[in-house]
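The values are calculated or read from the model by the stated rules, or taken from the named source; none is laboratory data. Because the structure is a prediction, the values reported are computed rather than measured. As a convention, Cβ positions derive from the backbone with ideal geometry for all residues, glycine included, and neighbour counts pool all protein chains shown.
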Amino acid sequence: MDNSMDVWYNSIKNRVSVRKYSEGVSREELRTLRGAAKYMSTDEVRIVVGKREGAFSKLIGGSVSGTDTFAALVSRDKESDYMVGMVGEAFVLECTSMGLGTCWLGMSYNKSVINAAVERGEDESVRCVIAIGHYDEAPRKKRTRKTIFNLTGLDDKAFRSLPDWQQTAVNCARLAPSALNGQPWEFDILSNNNIQIAKIAKNFGYSELDIGIAMLHIEVGAAHCGVLGDWEISDGLPLFTADYSMNE
């Protein structure tokens, strides 16, 4: 998984949310996905990849058909939801680079089937599930995105005056998926070396997870411009700060 950031950057524009699949994944693809899941898992969040008949039956809020392949995001508590979003979206972008379709699912999966398939510790729970499979055609309906002005409060001239890495990072975050496309965020440019994400809606209880997805997109966009950095929680909000010493 060398040059992962470049691979994920290209995947951001190619990623589509798929609910109707032509088929699941092959045994070889499943093995590759499990290797990626192991590589991306952290102490806070584990990715468990599996295939189980009925994983997406008896759904609430939509239907997924044509695949029984899933990735379950497992964590110890809801406090890890930023990391769940970041880790899960990295996995989604890796799937996209393999030519696979995915769909984030907060409720639209059979919980009894998934819970039976995923081994968990006493203090762990499945926070979200990602459907995975092949698809013949991309979904026709395109999700609308908020404008740069609505996301940042900056007009076109002011936005274009920002450093390239900030423009690219925000543009990547603008494409981040979220529950029901709620886009529960705004991006505050506090200086030329950072970006902060403000939560503007609870988004059915998934706002922290959604923001974690946007955090990953910001980090990938910055890395594409050769800028690395670190996340911290500042005034209760995620703040990405460029560390130019890491780029030398």
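Below, the figures for the structure above:
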quantity	calculated
In segment 33-67, the residues that are at pLDDT 95 or above and touching a Lys or Arg at 6+ places or on another chain (Cβ under 7 Å)	Val49
Residues of segment 1-41 satisfying the condition of being assigned to a helix (DSSP H, G or I) and polar (S, T, N, Q)	Ser4, Asn10, Ser11, Asn14, Thr32
Within segment 67-107, considering residues that are over 10 Å from Ala131 (Cα atoms) and among the small types (Gly, Ala, Ser), the one surrounded by the fewest Cβ atoms within 10 Å (Cβ to Cβ)	Gly99
Which listed residue is without any contact (Cβ under 8 Å) to a residue 24 or more places away in the chain and either assigned by TED's automatic domain parsing to the domain that holds Phe91 or more than 19 Å from Pro139 (Cα to Cα) (or both), from Asn10, Asn3, Asn14	Asn3
Of residues in segment 117-128 being outside any loop (DSSP other than H, G, I, E, B) and touching a residue at least 60 places away in the same chain (Cβ under 8 Å), the one farthest from Leu175 (Cα to Cα)	Ala117
Among (1) touching a residue at least 60 places away in the same chain (Cβ under 8 Å); (2) in contact with a His (Cβ under 9 Å, 6 or more places away or on another chain) - the single one Thr168 does not satisfy	(1)
Residue within segment 143-162 that is hydrophobic (A, V, I, L, M, F, W, C), in contact (Cβ under 8 Å) with a residue 40 or more places away in the chain and not assigned by TED's automatic domain parsing to the domain that holds Thr102 present	no
In segment 94-140, the residues that are more than 13 Å from Ser17 (Cβ to Cβ) and within 17 Å of the chain's Cα centre (by Cα)	Glu94, Ser97, Met98, Gly99, Met107, Val126, Arg127, Cys128, Val129
